[in-house]
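One structure below.
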Amino acid sequence: MRAAHPARMDFDTELVERLRAARRVAVFTGAGVSAESGVPTFRDAQTGLWARFRPEDLATPEAFRRDPATVWNWYAWRRELIGGVQPNPAHRAIAELQQRFDTLTVVTQNVDGLHQRAGSRDVVELHGNIWLDLCFECGRRSAQPGGGTEVPPRCAYCNGLLRPGVVWFGESLPPSAWDRALDCAQRADIFFCIGTSSLVEPAARLPHVARAAGAVLVQVNPVPTAHDAIAHHVLRGKAGVVMPALLEALERM
């Protein structure tokens, strides 16, 4: 459901007209979008027991091999933090925008599943999904966090240890997700870059790929980032304000 009264904003008429004419849209999102729902960013909210750990020391294959129970419990804590939040107006506006184009694909660096919960149907998760488990040995996926009392739980297929289904430091992005993201960037008429610091590689390359392929690049962020310099349109503000207002402008103009 869209916000009842989106903020009124003035947008460049050229941007609105290009959006009206677009057929293929890609929406690239980062931690800033989820933060507006109350999801702590990766390096924030290290409190209590976890304040003595660096996140980078917990999110690696080596850390899991060394101390799988500690890594599993940290992600269980993160799941608990994320579990109580809801999609925000940006998630919902992006989901509603998909009705206006032949294709709208969300390419996200976030692992919380909020885009899907808001109604987005085509979501490419570059960094995985925290609600899925993977076997550390055979790589099979589990649709639900592991149950039982053993920490970490065991794989039902090979009895290996289960791990969270997210991309850790030192690991490559899932090839299928990266290939789809590149394809979307190369084919998009409009490419939105929303709520991302533009620092995490290789995902930070996607706006450059899109612009080189001829897409109109739209940057949405409350603060400047490196992608401002290559964007055709820079919309300064929070995604939860800008995206509902842009949807309203499309319907109004």
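Details
- Take the Cβ atoms of Asp102 and Arg180, set R0 to 22 Å, and the FRET efficiency comes out at 0.85.
- Using alpha-carbon coordinates, inclination of helix 239-252 to the longest axis of the chain, degrees: 40 degrees
- Degrees, to the nearest 10: 175-187 long Cα axis against longest axis of the chain: 0 degrees
- Degrees separating the helix 68-83 axis from the principal Cα axis of the chain, which is the longest one: 40 degrees
- Derived scalar couplings ³J(HN,Hα) [the stretch 108-120; Karplus, 6.51 cos²θ - 1.76 cosθ + 1.60; whole Hz; x for Gly, Pro]: 10, 8, 7, 10, 8, x, 5, 4, 5, 5, 7, x, 5
- Positive minus negative residues near Gly240 (Lys, Arg vs Asp, Glu; Cβ under 10 Å): +1
- Range of Cα positions in the stretch 67-220 per principal axis (Å), largest first: 51, 29, 26
- Given the chain, longest segment not containing exposed loop GluC sites (Glu not before Pro) (DSSP; at most 15 other Cβ within 10 Å): 1-136
- For the stretch 59-113, the orientation-averaged shadow of the C-alpha convex hull comes to 5.1 nm² (one quarter of the hull surface).
- Fraction of antiparallel bridges per DSSP, the chain only, in percent to nearest 5: 25 percent
- Taking Arg252, Arg180 and counting other C-beta atoms within 10 Å, the order from fewest to most: Arg252, Arg180
- Centroid-to-centroid separation of the stretch 196-251 and the stretch 63-132 [C-alpha atoms, Å]: 19 Å
- Stretch gain in nm, segment Thr149-Arg79, where the contour uses 0.36 nm per residue and the Cα spacing is subtracted: 23.5 nm
- Beta-bridge orientation, the stretch 153-246: approximately 10 percent antiparallel, per DSSP, counting only bridges with both partners inside.
- Among Ile94, Ile130, Ile230, the order by Cβ neighbours within 10 angstrom, fewest to most, reads Ile230, Ile130, Ile94.
Any read-out appearing in this document is the output of simple, stated calculations on the displayed coordinates, not a laboratory observation. Quick caveat, the model's predicted, so the values are computed rather than measured. Cβ sites come from the backbone with ideal geometry, for glycine too, and all protein chains shown count toward neighbours.
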